[in-house]
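To start, the structure itself, in structure tokens.
The values are calculated or read from the model by the stated rules, or taken from the named source; none is laboratory data. Just so you know, these numbers come straight off a predicted model, no measurement behind them. Methodologically, a virtual Cβ is constructed for each residue, glycine included, from the backbone with ideal geometry; neighbour enumeration extends over all protein chains shown. The area values use the complete protein model at the heavy-atom level, side chains included, leaving out ligands, DNA and RNA. Shrake-Rupley method; radii C 1.70, N 1.55, O 1.52, S 1.80 Å.
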Amino acid sequence: MNFDFGEVLARAGQITWKYKNLWLAGIVISLIGFLSAPISLLFNPSFTDPSEISRQLPSILLVNGLVILLSILSIPFYVIGVTIPSLGTVQVEKGSGKLNFGELLKGAFPYFWRILGIYLLIALGTTMVVMVFAAIIAFLSVITFGFGAVCAFPLMLLFIPLWILVYALMEQSIAAIVVDNLNFSSALQRAWELVKKNLGVMALISIIIYLGSMIVGMIISVPMMIPMFGFIFNNMTSEPDMQAFQSLTRNMVWWMLAFSPIYAVFQGILLTFMQAAWTLTYMRLTKPQVNVPVAPEANA
């Protein structure tokens with residue numbers, strides 16, 4: 001089947017830039033996720049006095065428990081966050097010239113439990129596979145004195161295309177729920193049929209989206225590491241002391257907090273583009289394309 005990658009990516013970029021209110025979902029998700037690192041750096045006692053870790057273990061567990069709790073609480077926000085730009089993309093493709101964020105937020109809730117189920121199924125499934133594989137490799141490494149881990153390295157490379165297709169399956173399942181309002185099992189079945197029938201399309205669009213976003217994300221993240229770079233440069237000729245580490249921790253926390261609004265906006269743009277591209281991919285593969293021009297002026 002002929003699939004116009006350029007058209008899909010260009011259209012996703014057009015929607016992303018035209019309807020800037022779609023960025024808000026990704027911005028909120030990013031800011032929530034951003035809280036974990038400063039909390040860990042600022043309040044974790046192990047960063048300030050490593051010699052007293054055993055005595056301060058309750059505080060360490062409390063801080064890391066809070067970080068884990070934030071990660072769990074971020075999942076519902078993520079589900080809503082990926083639904084909003086997908087829903088917005090569908091509305092734009094159907095001819096809507098104006099997107100209201102409040103209406104999109106309200107419209108995302110009927111899809112919440114189905115998309116959450118898809119997300120948890122894929123996330124927990126892949127985690128279990130990784131844990132089992134890691135346990136097998138660890139066992140083989142013990143009985144073969146490390147040789148098993150060396151032999152298993154090529155197998156790890158085989159997981160890369162597998163993960164690509166698994167995440168394509170997740171994204172197409174989400175798109176099936178939002179576009180066609182399918183139930184949980186029907187969405188998975190539709191996504192599986194699409195991925196199986198269009199392996200090349202799914203693999204290439206995944207590589208373009210994820211590899212491109214990773215490269216851009218790394219470039220955007222470089223300024224956040226300036227305090228770390230400065231610390232390494234200043235201590236290249238001398239042994240760093242505890243005071244230097246404490247200063248680095250404070251600088252990293254304040255620098256990350258200062259940089260977080262810029263990074264959050266970038267994440268909002270990126271999430272909108274990714275979900276728009278995946279939704280358009282689903283729509284192009286399942287429905288005939290209808291060229292609907294974007295309205296000249298839209299509240300975005």
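How much of residue 201 can a 1.4 Å solvent probe reach, expressed as accessible area in Å² and rounded to 10? About 20 Å², rounded to the nearest 10. Residues whose amide H comes within less than 5 Å of that of residue 99, counting only those at least five positions distant or on another chain, are 299 (H built at 1.01 Å from N in the peptide plane).
Would you list 23, 163 from the most to the least accessible area, probe 1.4 Å?
Numbers: 23 35, 163 65 Å².
Greatest to least solvent exposure: 163, 23.
Here residue 18 is the anchor, and the lysines within straight C-alpha reach of less than 30 Å, apart from those fewer than 8 places off in the same chain, are 94, 98, 106, 287. Taking other residues whose beta carbon is less than 13 angstrom from the beta carbon of residue 22, and scoring Lys, Arg as +1 and Asp, Glu as -1, yields +2.
Across the range 122-131, coupling constants 3J(HN,Hα) worked out from phi with the 6.51/-1.76/1.60 Karplus curve, θ = phi - 60°, read 5, 5, 5, x, 5, 4, 5, 4, 4, 5 Hz, and Gly and Pro carry x. In order along the range 190-204, the Karplus-derived 3J(HN,Hα) couplings, from 6.51 cos²θ - 1.76 cosθ + 1.60 at θ = phi - 60°, round to 4, 5, 4, 4, 5, 5, 5, 7, 10, 4, x, 4, 5, 5, 6 Hz, and Gly and Pro are given as x. Largest accessible area first, the listed residues 19, 210, 263 line up as 210, 263, 19 when surface is computed with a 1.4 Å probe on the assembled protein chains. Over the heavy atoms of residue 144, what accessible area does a 1.4 Å probe trace out, to the nearest 10 Å²? Counting only protein heavy atoms, the figure is 50 Å².
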